[in-house]
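What follows draws every value from the coordinates through simple rules; no lab data is involved. Nothing here was measured: the structure is a model prediction, and the numbers come from that model. Cβ atoms come from the backbone with ideal geometry, glycine included; neighbour counts cover every protein chain shown.
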Amino acid sequence: MSEQDMIRVTLPDGSVREYPRGSSGLAIATSISEGLARNVLAAKVNGVVQDATRPIDTDATVQLLTWNDTEGKSTFWHSSAHLLAEALESLYPGVKFGIGPPIENGFYYDVDLNGQHFSQDDFKKVEDKMLELARQKSEYSRRPVPKDEAVAYFEEKGDPYKIDLLKDLEDGTITFYSQGNFTDLCRGPHIPNTGFIRAAKVMNVAGAYWRGDEKNKMLTRIYAITFPKQKELDDYLHLLEEAKKRDHRKLGKELELFAFSEKVGQGLPLWLPKGTLLRERLENFLRKAQIRAGYSPVVTPHIGSKQLYVTSGHWEKYGKDSFQPIHTPDENEEFLLKPMNCPHHCEIYKTKPRSYRDLPLRLAEFGTVYRYEQSGELHGLTRVRGFTQDDAHIFCRPDQVKEEFIKVIDLVLYVFRSLGFEDFSAQISLRDPENKQKYIGGDEAWEKAESAIVEAAAERGLRTVTELGEAAFYGPKLDFMVKDALGRKWQLGTIQVDYQLPERFQLEYTGSDNQKYRPVMIHRAPFGSLERFIAILIENSAGNFPLWLSPDQVAILPISEKYEDYANEVFFSLQETDIRGFVDHRDEKIGRKIRDAEVSKVPFMLIVGEKEQAEGKISVRRKGQGDLGAMSIPEFVTLFQEEVKLLV
């Protein structure tokens with residue numbers, strides 16, 4: 001075979017191999033090992049995921065995707081959505097199909113059942129049909145189709161939703177995918193055949209307007225998930241049960257941390273006394289760390305002039321999706337509920353002239369902001385309309401950007417370690433080079449900012465992934481993606497480099513040459529928002545907070561009312577050492593008091609009775625460990641403080 005008939009393939013380990021032109025990802029996998037070939041779901045060719053069976057005609061970098069890769073799972077679930085559609089078409093003649101994308105866990109398909117009924121009672125028969133079809137090992141085959149032919153196909157089939165989708169597609173870009181007796185309009189990619197799908201579960205059914213427009217018809221959205229092995233499905237369902245027990249909405253109510261009120265409004269949490277103590281401890285923890293790191297605290301109003309957000313660009317980008325302007329009796333005045341703290345901090349910077357010697361200037365605020373989320377998107381504390389950011393903005397010289405960025409990374413890592421978040425990765429979110437109009441600012445500033453983030457993350461040895469198109473509209477960012485106890489990923493801390501707002505607000509400093517220069521602005525929030533952070537903390541710990549964070553650290557349990565005075569003495573003694581708790585004065589047996597304290601997740605139970613009172617001691621019980629024996633109050637305080645030191 002001549003050299004022209006060969007292509008050079010670069011694999012993820014950097015090795016380069018030659019293959020005949022037109023070789024597929026599956027053929028490349030087979031050349032490496034039969035075991036790999038049996039597990040390949042798709043191939044990433046020059047950064048684009050495609051069918052593992054699709055020919056590769058040019059030199060390329062190739063990554064072979066399996067179930068262990070996020071994009072491999074996504075391809076698996078996309079193909080499973082087509083299998084679900086084939087099963088539905090078999091069981092519900094006349095069904096019409098909307099869209100069926102993969103999601104974070106599984107997939108869904110929006111369908112018009114043409115008047116036929118579908119409920120939880122039907123889940124099992126759909127699952128069984130999917131597995132029956134999967135066992136046929138039907139290949140997913142791709143076919144380019146002219147637009148007029150595609151329209152004719154779905155007109156004959158009587159599927160108005162696919163015809164509607166075709167209106168937005170250009171001739172020459174349309175492809176069909178078929179497996180078994182089912183054909184769908186689809187860009188792909190897909191797994192080689194249905195035989196990879198060996199476990200299926202329909203999870204839920206809901207309503208969804210076609211194209212998300214309430215003026216359109218309500219379709220039936222069927223959620224499902226599939227796996228290559230039954231055991232993986234069983235493990236997933238077990239995790240879901242565990243997640244229900246850890247649900248922050250459930251635990252938040254049981255532990256009396258927060259509540260919601262329809263009269264106050266959707267998405268506006270009310271922090272109860274215990275939840276407020278938890279918030280305050282988190283804030284104080286970060287305040288101390290920020291003071292050590294050279295931050296200055298500031299406070300800004302909950303509203304701002306509309307013109308403030310016109311200047312910043314937030315009104316242009318988000319105004320239509322925000323709470324609408326507040327009008328005053330003065331017809332020339334318009335205010336907005338504060339959606340961001342950064343414009344206010346820019347105005348603080350401008351309150352006096354700044355010199356290069358004044359920089360970096362680090363302004364920090366626990367600032368409450370308001371954003372209008374659709375009611376269907378609200379979810380406990382993780383998606384709310386009013387939330388508090390641990391926000392700070394660093395104004396620095398261009399030559400200080402990288403150093404300051406690294407210092408912020410160190411602060412985020414300190415916060416995560418102190419709170420037990422060990423499993424995380426960092427996402428470098430860059431501008432979409434194909435859609436630059438979504439962003440403000442020129443190429444040079446963006447390139448500088450992106451380089452600073454990439455270099456800082458590399459110097460700190462962070463495990464990173466890069467996502468194009470995920471940058472903020474004013475600059476690139478580094479998002480910390482934390483994996484919780486159930487293996488779910490959450491975006492918490494964030495750091496962003498911004499050359500744009502200093503330009504928009506005409507911020508200046510005087511350089512050593514007495515000339516005027518623009519500072520660079522770094523936005524950072526290690527928690528992200530206190531609401532979301534606390535929600536993840538509740539679920540990650542199942543409500544068993546670190547000792548230093550627990551709203552009630554001790555429960556003092558008198559055996560009977562005869563020992564209440566001594567219990568109160570213990571309580572006041574501990575208050576003097578900043579150990580927080582309560583005395584259980586209820587007329588209940590001591591066993592019941594201990595059980596209730598355990599359920600309330602109080603770390604220490606201090607039992608006092610006749611012997612303890614006579615000896616001036618307390619009997620100490622640690623949640624999860626049991627009895628630690630009798631000790632004096634100073635001995636307990638030492639034990640307590642030593643444990644706190646280990647945790648922070």
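Which loop GluC sites (Glu not before Pro) in region 292-357, with loop taken from DSSP, have no more than 10 other Cβ atoms within 10 angstrom of their Cβ?
Taking region 292-357 and a limit of 10 other Cβ atoms within 10 Å, the loop GluC sites (Glu not before Pro) found are Glu331.
Rounded to the nearest whole angstrom, the semi-axes of the ellipsoid equivalent to region 366-444, taken from the Cα gyration tensor as √(5λ), stand at 26, 23, 15, largest first. Charged side chains reduced to their Cβ positions (Lys and Arg at +1, Asp and Glu at -1) give region 71-241 a dipole of some 320 debye around its Cα centre. Here's the picture: charge each Lys and Arg Cβ at +1 and each Asp and Glu Cβ at -1 in the chain, and of Leu549, Ile594, Pro519 the one pushed furthest to the positive end of that dipole is Ile594. The modelled label-to-label distance between Asp5 and Arg592, using points 7 Å beyond Cα along the C-beta direction, is 8.8 nm.
Residue-wise HN-Hα couplings along region 610-621, as the Karplus relation 6.51 cos²θ - 1.76 cosθ + 1.60 with θ = phi - 60° gives them from phi, are 4, 5, 4, 5, 5, 9, x, 10, 9, 8, 9, 10 Hz; Gly and Pro carry x.
Working note: Karplus 6.51/-1.76/1.60 with θ = phi - 60° gives region 319-327 the couplings x, 5, 9, 9, 4, 6, x, 9, 9 Hz, where Gly and Pro are set to x.
Give the relative contact order (percent, whole number) for region 71-241; include only Cα pairs under 8 Å separated by 6+ residues. Before the final figure, lay out the partial values.
On the way: 297 pairs, mean separation 45.1, N = 171.
Across region 71-241, relative contact order equals 26 percent.
May I ask you to derive the relative contact order of region 299-401, considering only C-alpha pairs under 8 Å and at least 6 residues apart, and to give it as an integer percent? Display every interim value, and only then the final one.
Values: 131 pairs, mean separation 28.9, N = 103.
Relative contact order, region 299-401: 28 percent.
Structural descriptor for region 3-66: relative contact order 37 percent, calculated from alpha carbon pairs under 8 angstrom and at least 6 residues apart. Among the chymotrypsin sites (Phe, Trp or Tyr not before Pro) in region 299-391, those placed in a DSSP loop whose Cβ has at most 16 other Cβ atoms within 10 Å are Phe323, Tyr372. Quarter the surface of the alpha carbon convex hull of the chain and you get the mean projected area, 38.7 square nanometres.
Calculate the FRET efficiency for Glu642 and Gln324 from the Cβ-Cβ distance with a Förster distance of 51 Å, rounded to the nearest 0.05.
On the way: r = 54 Å, r/R0 = 1.06.
Calculated transfer efficiency: 0.40.
Stretching the chain fully between Glu467 and Glu156 yields a gain of 107.9 nm (0.36 nm per residue, less the alpha carbon separation). Can you tell me how region 554-647 classifies by the Cα gyration tensor, rounded, prolate or oblate, using a/c under 1.5 as the rounded cut? In terms of gyration-tensor shape, oblate.
Relative to the longest principal axis of the Cα atoms of the chain, the long axis of helix 147-157 lies at roughly 80 degrees.
Apply 1/(1 + (r/R0)^6) to the Cβ-Cβ distance of Arg135 and Thr61, taking R0 = 35 Å, and write down the FRET efficiency to the nearest 0.05.
0.50
Just name one of Thr53, Gln136, Leu278: the one whose Cα is farthest towards the positive end of the charge dipole of the chain (beta-carbon charges, Lys/Arg +1, Asp/Glu -1). Sorting the options by dipole projection puts first Leu278. For Asp69, no residue 5 or more places off, or on another chain, has a built amide H under 5 Å of its own.
How long are the three semi-axes of the equivalent ellipsoid of region 486-624, in whole Å, if each is the root of 5 times an eigenvalue of the C-alpha gyration tensor, listed from largest down? Walk me through the numbers on the way to the answer.
Working: eigenvalues 543, 76, 20 Å².
Working through the eigenvalues yields semi-axes of 52, 19, 10 Å.
Here the 3J(HN,Hα) profile of region 503-513, calculated from phi with Karplus coefficients 6.51, -1.76 and 1.60 at θ = phi - 60°, is 5, 5, 9, 6, 6, 9, 9, 8, x, 5, 8 Hz, Gly and Pro shown as x. Between amide H atoms placed 1.01 Å from N, distances below 5 Å from Gly493 occur with Phe480, all of them 5 or more places distant or on a separate chain. Rounded to the nearest 20 debye, the dipole magnitude of the chain is 520 debye, with +1 charges on Lys and Arg beta carbons, -1 on Asp and Glu beta carbons, and the Cα centre as origin.
From the square roots a ≥ b ≥ c of the eigenvalues of the alpha-carbon gyration tensor of region 112-241, which class results: rounded (a/c under 1.5), prolate (a/b over b/c), or oblate?
Judged from the Cα gyration tensor, region 112-241 comes out oblate (a/c at least 1.5, b/c at or above a/b).
Between 0 and 90 degrees, the angle of helix 401-418 with respect to the longest Cα principal axis of the chain falls at about 70 degrees. Helix 273-292 and the longest principal axis of the Cα set of the chain meet at an angle near 90°. Of the GluC sites (Glu not before Pro) found in region 570-639, those in coil by DSSP whose Cβ has at most 13 other Cβ atoms within 10 Å are Glu588.
With only Cα atoms counted, region 399-480 has Rg and Dmax values of 13.4, 40 Å.
With both partners inside region 554-647, how many of the DSSP beta bridges are antiparallel, as a percent to the nearest 5? Given both bridge residues lie in region 554-647, the antiparallel proportion sits at roughly 55 percent.
Candidates Pro146, Leu233, Ile222 compared by Cα position along the dipole of region 138-251: farthest toward the positive end lies Leu233, with charges placed on Cβ.
What 222 nm value per residue comes from the helices of the chain, counting each DSSP H run with n ≥ 4 as -39,500 (n - 2.57) and dividing by all residues, nearest 500 deg cm²/dmol?
Taking each H run of at least 4 residues, the total per residue is -10500 deg cm²/dmol.
Computed over neighbours whose Cβ is under 13 Å from that of Val310, the net charge equals +1, Lys and Arg +1, Asp and Glu -1. Beyond 24 Å in Cα-Cα separation lie the following of the pairs Lys306/Lys438; Lys73/Lys231; Lys448/Lys489; Lys96/Lys438: Lys448/Lys489; Lys96/Lys438. Using only Cα coordinates, the Kirkwood hydrodynamic radius of region 463-552 works out to 16.1 Å.
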